[in-house]
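The values are calculated or read from the model by the stated rules, or taken from the named source; none is laboratory data. Bear in mind the structure is a predicted one, so any value in this text is a computation, not a measurement. A quick note on method: Cβ atoms are made from the backbone with ideal geometry, for glycine too, and the neighbour counts reach across all protein chains shown. Protein only, heavy atoms only, side chains kept; ligands, DNA and RNA dropped before computing areas. Shrake-Rupley method; radii C 1.70, N 1.55, O 1.52, S 1.80 Å.
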Amino acid sequence: MVPDLECHSSAREDGGPFPLYDATKHSTFDRRQLRAKSLITDRLPPHDIDITSPPRDLKSSFGFCPPLKAIPLTSYYQLHRVPPVFPMAEPAQPSSPAVELPKHADFQIGDQADKMPEIGIHNKILEHVVRTPGRQPSPQPTHLSVPGASPFRILHEGPGYVAPKFEGKELQMDQVMDQIEEKGFIPPEFVESETNWFYNELGIDDMYFQTETVDAIVSHILSLYAGKVAAYARDDKRLEIRLDKEAVDHAVYIDTSKPGISVVDGPRYEQRIDEKYVNGSTSTNSYRVETFRSGSQLPGESDQQLRCYFVYKCHFANPNPGPEETNLDIIGEKRFLQKATKNTRDIYQGIMTTAVKRTGPVIEMFEVEGSREKRLVIAYRQGSAMGMFSALSDLYHYYGVTSSRKYVEQFSNGITIMSIYLRPLPPSSATVRHPPIEASIHQIMKEVSLLYCIPQNKFQGHFASGRLSLQETIYAHCVWVFVGHFLNRLGSEYASLASLLDPSNSVHAEMLSKIKRRLRAETFTSDYILEIINRYPDLVRSLYLNFANTHYVQTRGEQDDFIPTLSYLRLKVDRILDDDELKTLISKAVANEHDEMVMTAFRVFNSAVLKTNFYTPTKVALSFRLKPSFLPEVEYPQPLFGMFLVISSEFRGFHLRFRDIARGGIRIVKSRNREAYSINARSLFDENYNLANTQQRKNKDIPEGGSKGVILLDVNHQDKARVAFEKYIDSIMDLLLPPTSPGIKDPIVDLYGQEEILFMGPDENTADLVNWATEHARNRGAPWWKSFFTGKSPKLGGIPHDAYGMTTLSVREYVLGIYRKLNLNPDTVRKLQTGGPDGDLGSNEILLGNEKYTAIVDGAGVLVDPQGIDREELLRLAKKRVMISEFDDKKLSPDGYRVLIEETSITLPSGEVVNNGMTFRNTFHLRGGKEYDLFVPCGGRPESIDLSTVHKLIVDGKSTIPYIVEGANLFITQDAKLRLEKAGCILYKDASANKGGVTSSSLEVLASLSFDEKGFIENMCIREDGAAPPFYDAYVKEVQETIKRNAALEFEAIWREHQQTGIARSTLSDTLSVAITKLDEELQNTELWRNTELRNAVLQDALPGLLLEKIGLPTILERVPDNYLRAIFGSYLASRFVYEHGSNPSQFAFFDFMSKRMAKLGRQQQEALPIRVNGTTES
């Protein structure tokens, strides 16, 4: 019988509360009784309802009766909610009568907070942290709000976002309920309550209902209901709802979620949102994200809630603003501008103003008034932190914090801002290991910077599950990269072979290099190394503790105002193992020899790190200064002086140098596909080492030794060249500059203990980025910003190589030397050139040369004319800097042709058919015949001619090309060079010919070190109107003459040595370089340097005359670092001696050389010859 609803103004006739559950068994499920109870309880106040659960023995017989829908949801949640240990303000709700919690016999609320174990962490009171008075942070690439740096900001706000009211909501609800009833899946008596629950209790704002169709909302409600039904069919009775819908311009995801837990085996909706909507954001194609957690638990679930995600395509007020634009009304997304409260807009405006000036993230935290909730706001450049949205969840979950709301906002100036409302876990989920949110929030802020470097590391699963901390997993990720490059896996056989060969013989060295490359590729793959490390998380933890014990700095002592990381807290609890103990632990824990090799490499890494920015509060990539002594001599016979490893999610990179004072370019390596990336990754370090070694030989005439930096873009980030370069440069600077901003750049452990200065320049894919690097160094307060990068804009004091043909001048000197020695007429010399009119070296070779060009190969294809390519047209392309695809083919002779890389099935004038233009281009330089007298490679990939292909250029034991001047680096392998020379080719290798650029860069560095900042700007920086200071023009001409003079000296020395000894010129080039660099190092540490008169006399000859006239030797001696002056002294004396006396002089030759110098110095002193000082002459 259905009770009379009207008589239930009170709970029950006996005065007790109305029972929601019956304590009697039911053999059948009475829907009429359920309907009656639903109608009654809908009209009763919450305190008049008895929600006591039925006895355990009755539960199994209960039918499906979702009590959640029988009473107002808010009241039900309030009745079922476990009170928090620490009071926490709830989101603002309409005022309602207080609800008294029912008393259950088996649960006493009591004073829970008093019974919680005290967390053993003691820190300063945040408000009492003292900073140095008046000390402001220097400009940094990352901005972090730190405690004590500024007063806490408290938000006097409600939700921060207010959606415009949807006026048609009630009508839409009616239409939704009508459709649900028509479908018949949900019993009619539950249609209204299910719809009300969805519309009013999940925290979904009106924007969703205004966007979605009635059909879509009906589908969502039915899916959620089906999830509840399915829960009752499960053995564990857990309610699991997973709903997703993706449309063209928006998406909806709804999932059950336990606060503070990352579900690693679920649908991973946040990862999907990252991959599909956030990672690829641009100003023209981006999405904003809103996500809400339901305010209370699901029915029958004490710890489950619903998490709803809403994704909307952005529509900007102005889609194309200037890159520095910060006005939110101009760059904001229309929905954001509609919904954001004034307080939120003010917060975002301030953060936006900071973000556009930064390379890395801006991290701010705000207190929410009247609650323990914290609002974390993070801003960063679009595309610079892939996977950040989902990784943040793993981070705050690890510290016992959950989020109630999250927003991802995109702005048309290329900035992403995330806003996350964080609160403590409910007591039922919280554990003793978690510090209170008031402390952990600051640790979360610190680690956001670490997360920004590598949002999704290779050991993310261990972090998401709580097995390892963020620091431990990212440490493991970095060592995984290290192991992939340096695991010594060549074995004793390789060492035996190497001992039989002559390492000074370049052919032997090259053969060993190839054997090494093959052996490495066949044993340990990166996936195999990853698999091994994943087996030993406990070993990783112990190894990390050893690393942290060395490099972690609590900059404010034991009472650090930042709470220490949970990993660091283990340093106070767990015993730190030394290297011998770690060795023993590894040998006992591992399963086999391979596992032991990999895990032992962690110990090698720990002992090799001299300094790192791993614990710096703000960073954009992780950098490590390594001691290169771990490199096996048998593999790397020439010892490195310094080594940097840089790791980020977008790239990995090295910077290697063979001397303290060294210079070389920074190149970015791209990969066409995953296979190419795998090959590039395996050869990355060896290529970097060989390039730096080549640079070392090339730099024989200048004070700087050889260095090189190589950045390998990750296979999934091939479009992130600029992002990678900026992160690479900034993270290295973290290890070069002293910390000046507490909480921003804190001190690091420096086991190297000496100041380091690096000198860099442009290389492949970085020529347009050096201006940024120079300005960035100046913004970070680097005193050496003027000399940090060469190849920069003339407005910053740079001498561009391409504009003045610096590299080509050296190459041309070798070409002209051959003509001079052999009395050749350049007009009749038939010339082949790789590297076309679009490049630096190629275009200037065309502009400066006067040979008869018969073939040019460049990125576009092949251009051939046996009668000579039209010179006027060629000059036009070179001046315009464009490829041969723009050549006017009407100006070709009947025998001429052009084949572009995209063309197929092309018939040449000879009748030959070219099937594939790309293949034809890549192999054209290997075609036989005798159509060329001179080959000048000005571009092309390393090893374009090697021992396996060089035979194509040798016919009947004779080289088909008589003269080769190798302008492009490493274009021909050393063994191939020797084969060509044996076949009669006159060949000058890259280390000799291609040194004009390094000479120009060295003299550019010298000028920047010699001038003070004012003098540098006045004399070396081009004006805004393009006018060059008179000194600049004169100095460029002196640089050009120096390049030609040095090239001529080496050309003559090699030619003479070859005539005398018959040794191959390519071998003599290396022999001269080794002789000069060895003597240079010895001279810097002899008594000769301490002879003041001799030292000044040598520097007087070595330094550019214009600098001496303008600044004066005494001032230069004061301003230029002592080790740099030593390098000038040594390199000048060594090069002049070796060029004059050869690489193997008699034992008295140097004595004779120096005697002449000393005699000259004595005559000058006796005759009181005038010496230029400060622009005047003195006797």
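Side notes on the structure shown:
- Using a Förster distance of 35 Å, the FRET efficiency for residue 182-residue 232 (Cβ separation, nearest 0.05): 0.90
- The relative contact order of the stretch 613-783, computed from alpha carbon pairs under 8 Å that lie at least 6 residues apart in sequence, is 28 percent.
- A crude spin-label estimate for the pair residue 946 and residue 496, with each label 7 Å from Cα along the Cβ direction, gives 2.6 nm.
- Shape call, the stretch 1032-1105: gyration tensor on alpha carbons, a/c limit 1.5: oblate
- The slack in the chain from residue 354 to residue 926, taken as 0.36 nm per residue of separation less the alpha-carbon distance, amounts to 200.4 nm.
- Near residue 934: Cβ cut-off under 10 Å, other residues only, Lys/Arg at +1 and Asp/Glu at -1. The net charge is +1.
- Each label point was placed 7 Å from the Cα along the Cα-to-Cβ direction; for residue 1148 and residue 214 their separation is 11.2 nm.
- With all protein chains modelled, accessible area of residue 1156 [1.4 Å, Å²]: 120 Å²
- A Förster radius of 35 Å combined with the Cβ-Cβ distance from residue 1090 to residue 1014 puts the calculated FRET efficiency at roughly 0.60.
- Rounded to whole numbers, the Karplus 3J(HN,Hα) couplings from phi for the stretch 464-474 are 4, 7, x, 5, 10, 7, 4, 4, 5, 6, 6 Hz, using 6.51 cos²θ - 1.76 cosθ + 1.60 with θ = phi - 60°, and x at Gly and Pro.
- Sparse-neighbour loop sites [GluC sites (Glu not before Pro); the stretch 601-688; at most 15 other C-beta within 10 Å; DSSP]: 633
- Computed packing ranks the peptides 195-205, 829-839 as 829-839, 195-205, most packed first, by mean other Cβ atoms within 10 Å.
- Fully extended contour minus Cα-Cα distance, from residue 465 to residue 904, at 0.36 nm per residue: 152.6 nm
- Loop GluC sites (Glu not before Pro), the stretch 917-1015 (other Cβ atoms within 10 Å of the site Cβ: 14 or fewer; DSSP): 931
- The residues neighbouring residue 535, those whose beta-carbon lies less than 13 Å from its own, together hold a net charge of -3 under the Lys/Arg +1, Asp/Glu -1 convention.
- Whether the stretch 633-704 is rounded, prolate or oblate, judged on the alpha carbon gyration tensor where a/c under 1.5 counts as rounded: prolate
- When the chymotrypsin sites (Phe, Trp or Tyr not before Pro) in the stretch 1106-1151 are filtered for DSSP coil states and for at most 11 other beta-carbon atoms within 10 Å of their beta-carbon, the remaining sites are 1148.
- Pairwise inverse Cα distances across the stretch 613-783, averaged and inverted, put the Kirkwood hydrodynamic radius at 16.5 Å.
- For the stretch 531-555, the residues whose backbone nitrogen is under 17 Å from a point 7 Å from the Cα of residue 627, taken along Cα to Cβ, are 546-552.
- Surface accessible to a 1.4 Å probe, residue 478 within the full protein complex, Å²: 0 Å²
- Calculated FRET efficiency for the pair residue 346/residue 1041, C-beta based, R₀ 45 Å, to 0.05: 0.15
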